[in-house]
2 protein chains.
Amino acid sequence: MSLLTVGSVAFDALETPFGKTDKIIGGAATYITLSASYFTKENNLVAVVGDDFPREMIDILKDHGVNTDGLEVRRGGKTFFWSGKYHNDMNTRDTVEVQLNVMADFDPVVPPAYHQSEFLMLGNTAPSIQKTVIERLPRRPKLIMLDTMNFWMDSAWDDLLEVLKRVDVITINDEEARQLSGEYALVKAAAKIQTMGPKTVIIKKGEHGALLFHADSIFFAPALPLEEVFDPTGAGDTFAGGFIGYLASTGDVSFNNMKRGIIYGSAMASFCVEKFGAERLFNLTTEEINDRVLKFVQLSAFELQ
Amino acid sequence: MSLLTVGSVAFDALETPFGKTDKIIGGAATYITLSASYFTKENNLVAVVGDDFPREMIDILKDHGVNTDGLEVRRGGKTFFWSGKYHNDMNTRDTVEVQLNVMADFDPVVPPAYHQSEFLMLGNTAPSIQKTVIERLPRRPKLIMLDTMNFWMDSAWDDLLEVLKRVDVITINDEEARQLSGEYALVKAAAKIQTMGPKTVIIKKGEHGALLFHADSIFFAPALPLEEVFDPTGAGDTFAGGFIGYLASTGDVSFNNMKRGIIYGSAMASFCVEKFGAERLFNLTTEEINDRVLKFVQLSAFELQ
């Protein structure tokens, strides 16, 4: 089934203990669509860039089957830019610079060809933009998933609550889940968030794995213990893209299938951190992905007898 | 098979956001033997207390089938005392007071009836004491497991390296594994520690679960997401006791059985944190333990197809 993704396509400049980059392709929607492209064939993108955005970068998305008809290239506009620097533990980072540029007044236009998309991924962006996209679809998708962050809780609380009422799945990290719910224990936080709209809550714990709360059930998937995390940028978006891409490819939104989605998403995220930016997502093979998924199976499999 | 445990039996005074206690029974060996008692019938204890230690507390151990012939009650001596206060996140704590008392010159005497113990658990105590116990056993046990902490890395590094050469399994938390190995990534830390002696390395990550490294294989077990952690004291020792108690009860030290041991240990630890001190370990039923283990199975089970 088809997936529609809305979010940022951007320039990033990154610095980690392993080195630094110039402007490279980044943005939530970039990671999400690249990751999802390994699962679903119908991959529709709504985003905005300036005319400073290189054609070759758009071609990379197209090469992965991403439909870029909904990617607005604004004349005379500059692309959203973010630069960040990771601390030595790779778990914390400082934002060095943000230039909103064309994202400042992004008006998400959904081309008619996208209107029948069955899965909708609202990448991390202003809640008002996320809500607008839902409203502009003539038919409610089978499943709507939303990513957000603490910035929007601080600056757009009411809008966030409004859009939350309309989504099926939220993906969020542990600290953000605590901030959104006011609860410290993640079990309680998830239960509270479920009353705010999304019946399914995915809490990402980075190197400590991810928790999936669905009605009264809980599933936990570990992160793969890695020898080296080269650059964590985009890992959460890559996870989300693998998850919803897998669901879209199967059309199955049951709890059991969501578990598989979490494993596929985790596998994709484990690739993402191996190189700077999204580079590792450019040329993966099905065999590599299946091998990685088997490592997850082996990592947590046991038999009681 | 029989298990010999060496470590502290102590008084603790605890303060958590949920309340505080007077002097209650504590100490690594207390938690280990109580937890192990639900699995192995031959549970031998070597420890020392003062004559201020209440008879009823020793009776609790005896009621759980723990052989206390090796528990020295020193005349005129005072029992080891520790008091601590947990921060609001329950993950960090301050030591308020430590009185070594009879632990200051503890000379671990191993009664002849213990000499054929097949499993040896060296609870967290001075590496020199741990080494002495190994030397005083006429026959090397089938499996020797050691727990330690950063305090001994700072104060008894050479002794620690010496005893590490002689053990099969080390259990340690993530920060301690990093300190012991000088490596940040846990995969690298475990590999380094394996060269120091123990072929099996268990890294405890508290609420984030535990990793088992055995030769080239890795197994990950989650911690159960809990609504309330009432008091984390002793959770690591309870985990260790459940793990080695399960191994001793089966006599099987294969990787597959160690995985099961990790699950049983994690289940026991999840009980421990539900009440102050070791109280929750006093009256568990087999049914409660099996139900809890099933929750672990459900938490991480998935099928790829």
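Kindly establish whether A:Val133 is part of a helix (DSSP H, G or I), touching a strand residue (DSSP E or B) at 6+ places or on another chain (Cβ under 6 Å) and touching a residue at least 40 places away in the same chain (Cβ under 8 Å).
Spelling it out, A:Val133 is indeed part of a helix (DSSP H, G or I), touching a strand residue (DSSP E or B) at 6+ places or on another chain (Cβ under 6 Å) and touching a residue at least 40 places away in the same chain (Cβ under 8 Å).
What strands (runs of 3 or more DSSP E) completely inside the stretch A:42-119 contain at least 1 residues that are hydrophobic (A, V, I, L, M, F, W, C) and within 16 Å of A:Asp12 (Cα to Cα)?
So the answer is A:43-50, A:81-86, A:93-99.
Identify the single condition in (1) closer than 30 Å to A:Asp22 by Cα; (2) among the β-branched types (Val, Ile, Thr); (3) within 20 Å of the chain's Cα centre (by Cα) that A:Val96 does not satisfy, given that it satisfies every other one.
Status for A:Val96: all satisfied but (3).
Is there a residue in the stretch B:257-275 that is at pLDDT below 95 and at positive phi?
Looking for residues that are at pLDDT below 95 and at positive phi, one finds none in the stretch B:257-275, hence no.
State yes or no: is B:Tyr264 buried (at least 24 other Cβ atoms within 10 Å of the Cβ), within 10 Å of chain A (Cβ to nearest Cβ) and of a type outside the set (A, V, I, L, M)?
yes
Yes or no: B:Gly241 on the phi > 0 side of the Ramachandran plot, under 18 Å from the mean Cα position of the chain (by Cα) and not β-branched (Val, Ile, Thr)?
no
Filter the stretch B:78-112 for residues that are modelled with pLDDT of 95 or more and among the β-branched types (Val, Ile, Thr) and give the result.
B:Thr79, B:Val102, B:Val109, B:Val110
Since A:Val229 meets every condition but one in (1) within 12 Å of another protein chain (Cβ to nearest Cβ); (2) at pLDDT 95 or above, which condition does it not meet?
(2)
Assess whether A:Ala189 counts as being surrounded by 20 or more Cβ atoms within 10 Å (Cβ to Cβ), assigned to a helix (DSSP H, G or I), within 14 Å of another protein chain (Cβ to nearest Cβ) and in contact with a strand residue (DSSP E or B) (Cβ under 6 Å, 6 or more places away or on another chain).
It is false that A:Ala189 is surrounded by 20 or more Cβ atoms within 10 Å (Cβ to Cβ), assigned to a helix (DSSP H, G or I), within 14 Å of another protein chain (Cβ to nearest Cβ) and in contact with a strand residue (DSSP E or B) (Cβ under 6 Å, 6 or more places away or on another chain).
Going by what's in this entry, would B:Lys78 be described as in contact with a helix residue (DSSP H, G or I) (Cβ under 8 Å, 6 or more places away or on another chain), free of Cβ contacts under 8 Å to residues at least 40 places away in the same chain and surrounded by fewer than 20 Cβ atoms within 10 Å (Cβ to Cβ)?
So B:Lys78 passes the test.
Mind telling me which of the residues B:Lys259, B:Lys205 ends up being touching a helix residue (DSSP H, G or I) at 6+ places or on another chain (Cβ under 7 Å), facing chain A (nearest Cβ under 10 Å) and of a type in the set (D, E, K, R)?
B:Lys205
The values are calculated or read from the model by the stated rules, or taken from the named source; none is laboratory data. Computed from a predicted model, the values in this text were never measured in an experiment. Methodologically, a virtual Cβ is constructed for each residue, glycine included, from the backbone with ideal geometry; neighbour enumeration extends over all protein chains shown.
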